[in-house]
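Colleague: Have a look at this one.
Rule-based calculations on the coordinates, nothing more; no lab input. Because the structure is a prediction, the values reported are computed rather than measured. Because the Cβ atoms are built from the backbone with ideal geometry, glycine has one as well, and the counts that use them run over all protein chains shown.
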Amino acid sequence: MSVVEQTVKPYSREWLLSDRPQSRRQAKLGRAYVVWRRFAENRLALLGLMIILALLFVAAFAGVLAPHDPLQGDLRNARLLPPGSEGYLLGTDDQGRDILSRLLYGSRLTLLVVVLVAVIAAPVGLIVGTVSGYAGGWIDAVLMRITDIFLAFPKLVLALALVAALGPGIENAILAIAVTSWPPYARIARAETMTFRQSEFISAVQLMGASPFRIVMRHVMPLCLSSLIVRVTLDMAGIILTAAGLGFLGLGAQPPLPEWGAMIASGRRFILDQWWVAAMPGIAILIVSLGFNLLGDGLRDALDPKEAGQ
Amino acid sequence: MALTETSAATRRHRRRVPAFASALMRFFVMAATTLLGLLAVTFFIGRVIPIDPALAIVGDRAPQHVVERIRLELGLDLPLYQQFWIYLKQVASGDFGTSVLTTNPVLTDILRVFPATIELATVGTIIGAVLGIPLGVLAAVKRGSIADQVVRVIGLVGYSVPIFWLGLLALVLFYAKLGWVAYPGRMDIVYEYTFTPATGFYLLDAVWQGEWDVVRDLFRHIILPGTLLGYFSLAYISRMTRSFMLNELSQEYVVAARAKGLSEARIIWFHALRNAAVPLVTVIALSYAGLLEGSVLTETIFAWPGLGLYITNSLQNADMNAVLGGTVVIGAVFVGINLLSDLLYRTLDPRTRSR
């Protein structure tokens with residue numbers, strides 16, 4: 001046995017798939033490799049990954065990729081040009097602005113919303129869920145009642161009411177979506193925590209005198225991360241759609257910012273004759289949220305084979 | 001043998017009543033606390049977040065004494081918990097304040113527009129369930145086939161597409177270009193004068209009164225927004241049906257039924273689907289609640305005079321009373337449907353009772 005293992009080259013396929021890892025790093029890399037292999041078998045998931053990578057690329061290099069200024073149009077010569085016009089691949093809007101350039105810059109806003117909502121809502125959900133699940137008793141009861149109350153609101157309606165009170169704007173839209181997004185994460189983190197609260201490694205850490213704070217932070221939270229990441233990825237599409245809905249109602253990013261939902265709203269007036277003004281941003285939203293859905297589905301199947309195909 | 005069976009039956013019966021009663025108790029406690037929390041949140045949004053709710057009502061150019069009077073009228077000089085208590089009492093007596101936009105009491109407005117939303121959401125759910133369940137069953141039975149992939153993609157697109165955008169495009173195609181459906185709105189203006197609905201549910205009223213012209217016109221108006229909402233509910237229902245059916249088809253009773261020589265169609269439609277029906281009821285109820293939310297944007301696109309359009313119109317006019325009243329009503333209905341489906345699930349499915 002030992003002879004065989006010595007001949008295995010580090011970082012080779014056999015090394016990664018070895019069921020007797022020699023080091024912690026080998027075990028971790030091996031596990032990541034298995035997950036990646038399962039993920040890569042799923043062509044739709046790879047497509048989703050490519051869409052999201054493309055979104056990141058476009059957002060990073062919008063300044064280089066965009067052929068025109070996203071905010072300043074050519075009002076005299078280029079109003080409402082159809083797609084395929086000279087120099088304007090996807091046409092122009094009523095202010096003579098290149099739709100393609102606006103979409104490219106708009107990807108930054110979409111990414112901003114998604115990232116900020118995730119950064120705000122996921123940790124809140126994680127903390128509430130793990131504390132609730134680990135502590136149990138009345139702390140659990142109170143925290144879960146609060147979670148249920150926020151879960152009881154339809155997301156879009158609560159976000160609408162919040163933005164109506166806070167005032168329109170992209171920061172308030174992000175805040176409102178974050179407030180409506182954390183409860184499912186808390187539920188998931190709690191359920192995960194409950195499954196290993198009584199397990200032996202937690203008892204061992206307790207016996208060594210670790211404080212509840214340390215146990216939750218160092219031992220419970222890391223174990224909840226993978227299912228949380230899957231759920232957040234699956235939620236991204238919903239976040240994008242809610243943000244676009246708020247933008248469409250004039251409650252999100254304000255003009256002249258090239259937010260995709262707001263762009264659809266501004267194209268609504270010309271929808272019968274110049275359909276492309278409203279149609280193009282919708283296609284962008286559809287592609288990106290489809291990408292997140294495919295990626296999330298793929299991640300779930302790869303990380304949790306039990307649920308695969310369900 | 002017969003004796004043991006009867007005794008088992010009575011024992012089961014005796015056990016079921018307290019189980020149902022405790023479920024019912026649970027239902028009311030949950031409903032009460034969730035509603036209280038819901039009102040706390042809307043109270044917070046309406047009274048605490050705005051820097052000065054009095055200014056929000058009279059505008060910042062109003063003279064000082066007017067602002068002071070409004071502040072007293074609203075009870076803004078009282079401590080927050082007293083304000084919240086007053087708010088609770090008002091809501092309990094059906095007082096959501098007056099709409100600035102329509103100058104009616106908000107509750108009157110909501111009662112007037114809500115039936116339109118219910119009608120739309122019901123049509124949407126029916127379309128979603130009638131198409132979604134067979135699609136989900138098909139996908140589960142032919143797991144991994146082209147049909148399964150197609151159903152999956154239909155569902156994924158449903159999860160990913162902005163509903164208002166799809167609605168706009170559908171209007172351009174089916175109304176403007178093809179002329180298959182009627183213009184946005186609930187019915188033609190002609191009928192506004194001739195047709196007097198007894199309730200807010202126009203479709204039922206028209207059928208009841210035998211006004212078939214009106215029925216046809218109402219149908220031409222509701223079909224597009226209804227199908228659109230139905231698509232979203234289809235995406236959810238077909239996905240869940242597939243999952244439930246996969247679970248049922250892997251059970252041993254299916255093997256037993258096959259061994260007995262039952263036809264595959266009979267196994268699928270009578271045995272497996274019947275067992276999947278209980279969770280499906282929950283799913284349909286949840287998707288119905290989801291459509292109440294989806295109706296906000298759909299009604300805006302299709303000028304459908306329901307609660308969603310009422311809320312967005314009030315938003316554009318900074319009519320906070322109306323927005324919060326609408327939010328409370330949608331939230332309360334949402335809570336009610338969720339808890340009811342939970343209760344239904346617990347009562348219908350014997351397996352959940354042992355827990």
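Colleague: Given R₀ = 22 Å, FRET efficiency for residue B:32-residue B:95 by Cβ-Cβ distance, to 0.05?
Modeller: After rounding to 0.05, the efficiency reads 0.65.
Colleague: Now for a separate question. Label points 7 Å out from Cα along the Cβ direction at residue A:22 and residue A:171: separation in nm?
Modeller: Label at residue A:22, label at residue A:171, 5.5 nm between them.
Colleague: A further question follows. Per residue Cα convex hull volume for chain B, in cubic angstrom? Intermediate values should be presented prior to the final figure.
Modeller: Values: hull volume 74.7 nm³, N = 355.
Each residue corresponds to 210 Å³ of Cα convex hull volume.
Colleague: Say each of residue B:281 and residue A:56 gets a label point 7 Å from the Cα, pointing the same way as Cα to Cβ; how far apart are those two points in nm?
Modeller: 4.7
Colleague: Under the rule a/c < 1.5 gives rounded, and otherwise a/b versus b/c splits prolate from oblate, where does the stretch B:203-247 land using the Cα gyration tensor?
Modeller: Prolate, since a/c reaches 1.5 and a/b exceeds b/c.
Colleague: If you place +1 on the Cβ of every Lys and Arg, -1 on the Cβ of every Asp and Glu, and leave all else neutral, what size is the dipole of the stretch B:267-355 about its Cα centre, to the nearest 20 Debye?
Modeller: 580
Colleague: Quick check on the stretch A:69-114: take the gyration tensor over C-alpha atoms, sort the square-rooted eigenvalues as a ≥ b ≥ c, and tell me if it's rounded (a/c under 1.5), prolate or oblate. Intermediate results must be reported in sequence, preceding the final value.
Modeller: Numbers: a/c = 3.17, a/b = 1.99, b/c = 1.59.
Since a/c reaches 1.5 and a/b is larger than b/c, the shape of the stretch A:69-114 is classed as prolate.
Colleague: Can you give me the long-range amide H partners of residue B:98? Hydrogens built in the peptide plane at 1.01 Å from N, cutoff under 5 Å, separation of 5 or more residues or another chain.
Modeller: Excluding prolines and chain starts, which carry no amide H, the hits are B:106.
Colleague: Another question about this same structure. Strictly greater than 22 Å: what percent of every Cα pair in the stretch A:1-98 meets that?
Modeller: For the stretch A:1-98, the fraction of Cα-Cα distances above 22 Å is 61 percent.
Colleague: Moving on. Percent of Cα-Cα pairs per 10 Å bin, from 0 to the last occupied bin, for the protein assembly as shown, please list those.
Modeller: With 10 Å bins starting at 0, P(r) equals 3, 12, 21, 25, 21, 12, 5, 1, 0, 0.
Colleague: Measure nothing but the geometry: give the 0 to 90° angle between the long axis through the Cα atoms of B:273-302 and the longest principal axis through the Cα atoms of chain B, rounded to 10°.
Modeller: 30
Colleague: At 25 °C and 0.890 mPa s, grab the translational diffusion coefficient of chain A from Stokes-Einstein with a Kirkwood Rh over Cα pairs, rounded to a whole number in µm² per second.
Modeller: 111
Colleague: How much length would be gained if the chain were fully extended between residue B:192 and residue B:316, taking 0.36 nm per residue of separation minus their Cα-Cα distance, in nm to one decimal?
Modeller: Length difference between fully extended and current span is 42.0 nm.
Colleague: Kindly give Rg over Rh for the stretch A:30-87, based on alpha-carbon atoms, with the Kirkwood expression for the hydrodynamic radius.
Modeller: Working: Rg = 19.3 Å, Rh = 15.1 Å.
We get a ratio of 1.28 for the stretch A:30-87.
Colleague: Taking N as the number of residues in the stretch A:151-310, what value does Rg over Cα atoms divided by 2.2 N^0.38 Å take?
Modeller: The reported ratio for this selection is 1.35.
Colleague: Kyte-Doolittle mean at least 0.0 and Cα extent at least 15 Å along the axis: which DSSP H helices of chain A qualify?
Modeller: A:43-60, A:99-135, A:137-152, A:155-166, A:170-196, A:221-248, A:276-303
Colleague: Quick one: order B:310, B:253, B:175 by neighbouring beta-carbon count within 10 Å, fewest to most.
Modeller: Least to most surrounded, the residues fall as B:253, B:175, B:310.
Colleague: Here's a follow-up. Once you put a point 7 Å from the Cα of residue B:86 and another 7 Å from the Cα of residue A:142, both along the Cβ direction, what distance in nm separates them?
Modeller: 2.8
Colleague: Using the alpha carbons of the stretch A:146-222, what is the convex hull volume per residue in cubic angstrom, as a whole number? Show your work: numbers first, answer last.
Modeller: Values: hull volume 8.5 nm³, N = 77.
Dividing the Cα hull volume of the stretch A:146-222 by its residue count gives 110 Å³.
Colleague: Answer with one residue from B:180, B:273, B:49: the one whose Cα lies farthest towards the positive end of the charge dipole of chain B, charges on Cβ with Lys, Arg +1 and Asp, Glu -1.
Modeller: B:273
Colleague: If you don't mind, another one. Please state the Cα pair-distance histogram of the stretch B:123-255 with 5 angstrom bins from zero: what percent is in each bin?
Modeller: 2, 10, 15, 16, 14, 13, 10, 8, 6, 4, 2, 0, 0
Colleague: Using only the alpha carbons, work out the radius of gyration and Dmax of the stretch B:39-158 in angstrom.
Modeller: Spelled out, the Cα radius of gyration and Dmax of the stretch B:39-158 are 24.3, 73 Å.
Colleague: If the chain between residue A:214 and residue A:65 were fully stretched, how many nm would it gain, using 0.36 nm times the residue separation less the Cα-Cα distance?
Modeller: Extending this stretch completely gives an extra 48.9 nm.
Colleague: Using modelled amide H (1.01 Å from N, peptide plane; none on Pro or chain starts), what sits under 5 Å from the amide H of residue A:85, excluding residues fewer than 5 places away?
Modeller: Distant-sequence amide H within range of residue A:85: A:91.
Colleague: Next question. Rg over Rh of the stretch A:13-169, using C-alpha atoms and the Kirkwood radius, what does it come to? Please list the in-between numbers first.
Modeller: Details: Rg = 24.0 Å, Rh = 20.9 Å.
Result for the stretch A:13-169 is an Rg/Rh of 1.15.
Colleague: Arrange the following residues from fewest to most other Cβ atoms within 10 Å of their Cβ: A:226, A:132. Don't jump to the answer; show the numbers that get you there.
Modeller: Details: A:226 15, A:132 24.
Final ranking by Cβ density, sparse to dense: A:226, A:132.
Colleague: Let me test this: with uniform point scatterers at the alpha carbons of the stretch B:117-199, what is the Debye-based log₁₀ I(q)/I(0) at q = 0.14, 0.15, 0.23 1/Å?
Modeller: -0.73, -0.81, -1.20
Colleague: Still on this model: Under 27 Å between alpha carbons: how many lysine pairs meet that in the protein assembly as shown, if sequence neighbours fewer than 8 apart on the same chain are excluded?
Modeller: Close lysine pairs under the 27 Å cut-off: 5.
Colleague: Efficiency by 1/(1 + (r/R0)^6): what FRET value for residue A:225 and residue B:264, r their Cβ-Cβ distance, R0 = 51 Å, to the nearest 0.05?
Modeller: Given R0 = 51 Å and the Cβ-Cβ separation, E is 0.75.
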